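Shown next, in structure tokens, is the structure this report addresses.
The values are calculated or read from the model by the stated rules, or taken from the named source; none is laboratory data. These figures come from a predicted structure and were not determined experimentally. Glycine also receives a Cβ, built like all others from the backbone with ideal geometry; neighbour counts cover every protein chain displayed. For accessibility, only protein heavy atoms count, side chains too; no ligands or nucleic acids. Shrake-Rupley method; radii C 1.70, N 1.55, O 1.52, S 1.80 Å.
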Amino acid sequence: MKKLFSTKEVHPRDRFDYWHSVACNNLVGHSSTPECRQTFAAEIETGMLADIQLVLFENSPMDVARTAKHVAQSQGDELFVCQQAAGLLALEQDGRQLVLGAGDVTLLDPLLPYSARFAAGSKLLVVKVPRRELAARIGKTREMIAIALKPSEAGHRWTSSFLAMLPGVAGRMTPTTEEIAKNQILDLIAVSLLKARRALRPCISSARSVALLNVRAAIESRLSDPGLNATSVAEAARVSIRYANALLAEENTSIMRLVLAMRLARCRQALEDPLQDHRTVSEIAYGWGFSDMTHFGRRFKDMYDTSPRDYRKSANGPRRGAAL
């Protein structure tokens, strides 16, 4: 994480206005009023995890409002996963009100107005996730905004703990590791949101999202098994093959096409990871469940328009000792 702003470096009379400008540029446009301008103090840190931006705020008490006017000027298409690291934060969006304490997590939609009140000692982590990627996991996101995910529940505690670790590892991992971590955190967030939504009011769309997530999890956990088939995936996800394929058809895929795509993605990540230079292309392919190298090479080229060996060369460049 990189420190973007600190009031320690600004004259007291300019601290709040400068903070507001930096916050608007790095999060979203909003109006805000500090409890006390003369004593206002704040810090902002930012970092990246793959294509996800992390913004860590620490500030004095203040009120914040994102209005319809601010929304109309918005250009991004992201959702905000907020984890309260310390202190208290009161939020209101889409008719829901909640208070976040240390460790609590919630989802905010910057395309809808919201208001917030930061208490003394507040520290907030905002993870800006691509709307499309989270929606692919949970369906309609509006039903799940402004719901408090409390770490007192085991599943939410895992999500909160994973989020809390991100500032400490951002920028310190290889691109491949970051991509894996990004998908893991999106999956954890999705599971927590779906569980919270179902607890509030079970609905058909939520049940379909849970089933789809279960299918993906069943595939992921058995991806290296060359004997993986549609029957074993459906059994592990506790749905029928027909129902699983019907869900996946909405994403223009099927159980076995998804298996293939996920295996190829894992192989691609391994081929572009310099930490795996010691592994041959064949070893990587066999490790992710392929049993026929001719089939693997053909499918890889269909997906990425190049052979596995050429992909490795172009991704990493020539390096002594690289295993082909």
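The alpha-carbon of residue 301 sits under 12 angstrom from the alpha-carbons of these aspartates and glutamates, leaving out residues fewer than 8 places away in its chain: 310.
Using the Cβ atoms and a cut-off under 15 Å, what net charge is assigned to the surroundings of residue 50, where Lys and Arg are +1 and Asp and Glu are -1?
On the way: positive: 128, 132, 172, 182, 268; negative: 51, 78, 133, 178, 179, 187, 272, 273.
Net charge in that neighbourhood comes out at -3.
Placing R0 at 25 angstrom, the Cβ-Cβ distance between residue 165 and residue 4 gives a FRET efficiency of 0.80 after rounding to 0.05. Work out the charge dipole of the chain with +1 on the Cβ of Lys and Arg and -1 on the Cβ of Asp and Glu about the Cα centre, then indicate which of 264, 278, 107 is farthest towards its positive end. Looking along the dipole axis, the top candidate is 264.
Given 237, 40, 217, which one lies farthest toward the positive end of the charge dipole of the chain, if we put +1 on the Cβ of every Lys and Arg and -1 on the Cβ of every Asp and Glu? Result: 237.
Its Cα centre serving as origin, the chain has a Cβ charge dipole (Lys and Arg +1, Asp and Glu -1) of approximately 440 debye. Here the relative contact order of the stretch 40-109, from alpha carbon pairs under 8 Å that lie six or more residues apart, stands at 23 percent. Counting only Cβ charges, +1 for Lys and Arg and -1 for Asp and Glu, the dipole size of the stretch 37-142 around its Cα centre is about 300 debye. Mean separation of Cα pairs under 8 Å and 6 or more residues apart, divided by the residue count, gives the stretch 213-324 a relative contact order of 26 percent. Modelled spin-label separation between residue 304 and residue 229, with each label point placed 7 Å from Cα along the Cα-to-Cβ direction: 2.9 nm. How would the stretch 111-168 be classified by its alpha-carbon gyration tensor: rounded, prolate or oblate, with rounded meaning a/c under 1.5 and the a/b versus b/c comparison settling the rest? Taking the square roots of the gyration eigenvalues as a ≥ b ≥ c, the stretch 111-168 is oblate. Which residue fluctuates the most in the chain, going by a Gaussian network model with Cα springs under 10 Å, if the choices are 126, 64, 105? Looking only at 126, 64, 105, the largest GNM fluctuation is found for 64. For residue 99 and residue 252, a Förster radius of 35 Å and the Cβ-Cβ distance give a FRET efficiency of 0.25, rounded to the nearest 0.05. Counted over the chain with a bin width of 10 Å, the fraction of Cα pairs per bin, in whole percents, is 5, 22, 29, 22, 15, 6, 1.
Taken along the Cα-to-beta-carbon direction at a fixed 7 Å, the label points for residue 120 and residue 277 span 5.5 nm.
On full extension, the segment bounded by residue 240 and residue 173 gains 20.2 nm, given 0.36 nm per residue less the C-alpha separation. Given 4 °C and 1.567 mPa s, how large is the Stokes-Einstein diffusion coefficient of the stretch 3-137 in µm²/s, with Rh as the Kirkwood radius over Cα pairs? Result for D is 85 µm²/s. Peptide packing for 139-147, 263-271, 248-256 was compared via the average number of neighbouring C-beta atoms within 10 Å per residue; ordered from the highest value, the list is 263-271, 139-147, 248-256. Dipole size of the stretch 209-282 about its Cα centre, with +1 on Lys/Arg Cβ and -1 on Asp/Glu Cβ: approximately 160 debye, rounded to the nearest 20. Using a/c under 1.5 as the rounded threshold, could you call the stretch 24-81 rounded, prolate or oblate? The axes a ≥ b ≥ c are square roots of the C-alpha gyration tensor eigenvalues, and prolate needs a/b larger than b/c, oblate otherwise. Oblate shape, in that a/c is at least 1.5 and b/c is the bigger or equal ratio. In this structure the amide hydrogen of residue 79, modeled in the peptide plane, comes within under 5 Å of the amide hydrogens of 129, 131, none closer than 5 places in sequence on its chain.
Express the relative contact order of the stretch 1-155 as a whole percentage, based on alpha carbon pairs under 8 Å and six or more residues apart in sequence. Over the stretch 1-155, the number comes to 23 percent. For the pair residue 135 and residue 315, the difference between a 0.36 nm per residue extended length and the Cα-Cα distance amounts to 61.8 nm. Note that the stretch 273-285 has calculated 3J(HN,Hα) couplings of 8, x, 6, 10, 4, 6, 8, 6, 4, 4, 4, 5, 4 Hz, one per residue in order, obtained from phi through the Karplus relation 6.51 cos²θ - 1.76 cosθ + 1.60 (θ = phi - 60°); glycine and proline are x. In this structure, the residue pairs whose Cα-Cα separation is over 31 Å, taken from 3/195; 3/313; 3/150; 2/140; 8/128, are 3/195; 3/313; 2/140. Each peptide in 130-138, 114-122 gets a packing score, the mean of other Cβ atoms within 10 Å over its residues, and the list from highest to lowest is 114-122, 130-138.
Using only the heavy atoms of the protein chains and a 1.4 Å probe, how would 7, 280 rank by accessible area, largest first? Walk me through the numbers before you get to the answer.
On the way: 7 5, 280 55 Å².
I get 280, 7, largest accessible area first.
The Cβ shell under 15 Å around residue 286 holds other residues with a net charge of +1, Lys and Arg each +1, Asp and Glu each -1. Estimated at the nearest 10 Å², the accessible area of residue 290 is 10 Å² with a 1.4 Å probe.
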